[in-house]
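Taken together, the values in this text are just the output of simple stated rules run on the coordinates, not laboratory data. Predicted model only: the values in this text are computed from it and were never measured. Note that each Cβ is placed from the backbone with ideal geometry, even for glycine, and that neighbours are counted across all protein chains shown.
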Amino acid sequence: MFKKLMLATMLVAFAGVATAAEPKPRGFYIGATTGLSVFDDDGAALGTIDDQDSMAQIYAGYKILKYLAVEARYADYGGFSDSFDTLEVTAASISAVGIVPFGTSGWELFGQLGFGQVNLEIPGFVDEEEDTVTAGVGVRYSFTDLFSMAVQTDVHVWDDPSGLYTFSVGGTALAFQLNF
């Protein structure tokens with residue numbers, strides 16, 4: 001289903017090329033995403049975790065320049081289960097976002113790098129937070145100067161306290177953005 005949604009989005013984007021708007025050179029924006037998430041435990045659970053779920057994310061940012069923004073995000077990456085428990089994963093982050101606009105076509109390529117914190121919870125047993133490095137990349141299309149859509153991939157990476165494993169959680173999502 002996700003592949004069909006992505007294909008439909010791209011068809012709508014290409015159909016709207018004639019009405020594209022040049023992205024605003026600066027200003028506030030807010031957005032939301034929905035997509036698929038993946039959890040990687042670096043083999044700590046010996047492959048027993050169901051490592052895929054759906055995700056949702058909200059974000060807000062300020063485009064300082066045509067090529068640079070700062071952005072805060074909150075993501076619910078869903079639950080990842082083994083035969084006993086479900087690990088619920090959420091994350092908050094702040095990032096610098098580099099932007100490469102493609103002239104006045106309405107298309108932008110963007111990449112982000114920042115830091116954040118993930119919350120790992122097994123209800124009734126575990127509730128811990130870990131500092132993370134976060135990164136992402138995506139492509140965005142502005143239908144008007146007020147509305148954009150993007151396809152993006154984000155990831156949070158951290159080491160466990162023992163230093164034996166490197167964990168990550170991330171997702172690929174469809175984003176809807178309002179520009180002010």
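Brief remarks follow.
- Computed Rg/Rh of the stretch 81-180, alpha carbon atoms with Kirkwood Rh: 1.09
- Database remark: amide H of Asp82 closer than 5 angstrom to the amide H of Asp50, Leu87 (H placed geometrically; neighbours at sequence offset of 5 or more, or on other chains; Pro and chain starts carry no H).
- J(HN,Hα) series, the stretch 156-172, from Karplus relation 6.51 cos²θ - 1.76 cosθ + 1.60, nearest Hz, glycine and proline x: 10, 10, 7, 9, 6, x, 6, x, 7, 10, 10, 9, 8, 9, x, x, 10
- Cα centroid separation - the stretch 81-108 against the stretch 119-180, whole Å: 4
- Point-to-point label distance, Thr34-Ile64, nm (Cα→Cβ direction, 7 Å offset): 3.4
- Nonlocal amide H pairs with Phe147, under 5 Å, H built at 1.01 Å: Asn179
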